[in-house]
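Trainee: To start, I am sharing the structure in question, which I have written as structure tokens.
The values are calculated or read from the model by the stated rules, or taken from the named source; none is laboratory data. Please read all numbers here as calculations on a predicted model, not as lab measurements. Backbone-built Cβ (ideal geometry, glycine too); neighbour counts: all protein chains shown. Ligands, DNA and RNA are stripped out before the accessible areas are found, and what is left, the full protein with its side chains, is counted by its heavy atoms. Shrake-Rupley method; radii C 1.70, N 1.55, O 1.52, S 1.80 Å.
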Amino acid sequence: MTSRDPRHLPFFVYGTLRPGEINHDAFLRGRTETEEPGRLAGAVLYDGPGYPYAVEEPEGEVRGELVGARPESYGRLLLELDALEECVPGDPASLYVRVARDVVRLRDGAAVRAWVYVAGRAVAEKLRAEGRRIGGGDWLAR
């Protein structure tokens with residue numbers, strides 16, 4: 001799962017970007033080198049309007065895939081995913097924020113540093129207060 005450029009972290013996807021889901025086909029098909037099951041500790045999932053939100057919580061776990069982008073696709077893909085997730089780096093009012101977190105690759109238990117889109121601060125606060133949590137941390141199994 002290593003990229004040729006150490007700044008090019010893989011992405012951990014847990015909702016509509018997972019294989020078989022609508023945004024995987026729209027954004028990732030043909031642009032990845034690897035797609036492997038993984039799990040993110042320290043976050044829980046909440047239902048959103050057709051997609052989930054990961055909210056950082058110490059006791060949680062989220063299931064998804066580690067996706068390694070092709071080097072030639074990486075820069076453009078990063079911009080497109082930020083736009084999809086309504087993530088403006090450095091803006092605390094963003095719907096999602098992109099953070100680097102360690103994700104466990106299931107096939108060998110290795111910790112892999114990856115980009116994860118988590119709910120922005122205001123969204124996370126609202127979800128914690130009145131959102132519907134997805135038990136088991138797997139959006140596809142809900």
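Trainee: With farther than 25 Å from Pro49 by Cα and among the β-branched types (Val, Ile, Thr) as the only criterion, which of Val88, Val112 stands out?
Mentor: After applying the criteria, what remains is Val112.
Trainee: Another question about this same structure. Step by step: first the residues of region 79-101, then only those that are free of Cβ contacts under 8 Å to residues at least 12 places away in the same chain and more than 16 Å from Thr16 (Cα to Cα), then the one that is most open to solvent (accessible area, probe 1.4 Å). Which residue is that?
Mentor: Leu79
Trainee: Checking the condition modelled with pLDDT of 95 or more, touching a helix residue (DSSP H, G or I) at 6+ places or on another chain (Cβ under 6 Å) and assigned to a strand (DSSP E or B), which residue from Glu61, Glu35, Glu57 passes?
Mentor: Within the list Glu61, Glu35, Glu57, the selection yields Glu61.
Trainee: Please count how many residues of region 107-142 are assigned to a loop (DSSP other than H, G, I, E, B), open to solvent by 70 Å² or more (accessible area, probe 1.4 Å) and touching a strand residue (DSSP E or B) at 6+ places or on another chain (Cβ under 8 Å).
Mentor: Result for region 107-142: 3.
Here is a yes/no grid of residues against (1) more than 12 Å from the chain's Cα centre (by Cα); (2) of a type in the set (Gly, Ala, Ser); (3) over 26 Å from Arg133 (Cβ atoms):
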residue: Leu17; (1), (2), (3): no, no, no
residue: Thr32; (1), (2), (3): yes, no, yes
residue: Gly50; (1), (2), (3): yes, yes, no
residue: Ala69; (1), (2), (3): yes, yes, yes
residue: Gly75; (1), (2), (3): yes, yes, yes
residue: Leu81; (1), (2), (3): no, no, no
residue: Glu86; (1), (2), (3): yes, no, no
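Trainee: Hey, among Leu9, Leu45, which residue is among the hydrophobic types (A, V, I, L, M, F, W, C), open to solvent by 20 Å² or more (accessible area, probe 1.4 Å) and not in a helix (DSSP H, G or I)?
Mentor: Going through Leu9, Leu45 in turn, just one is among the hydrophobic types (A, V, I, L, M, F, W, C), open to solvent by 20 Å² or more (accessible area, probe 1.4 Å) and not in a helix (DSSP H, G or I): Leu9.
Trainee: Something else now. Give the residues of region 58-76 that are among the acidic types (Asp, Glu) and open to solvent by less than 50 Å² (accessible area, probe 1.4 Å), sorted by residue number.
Mentor: Residue satisfying the conditions is Glu65 alone.
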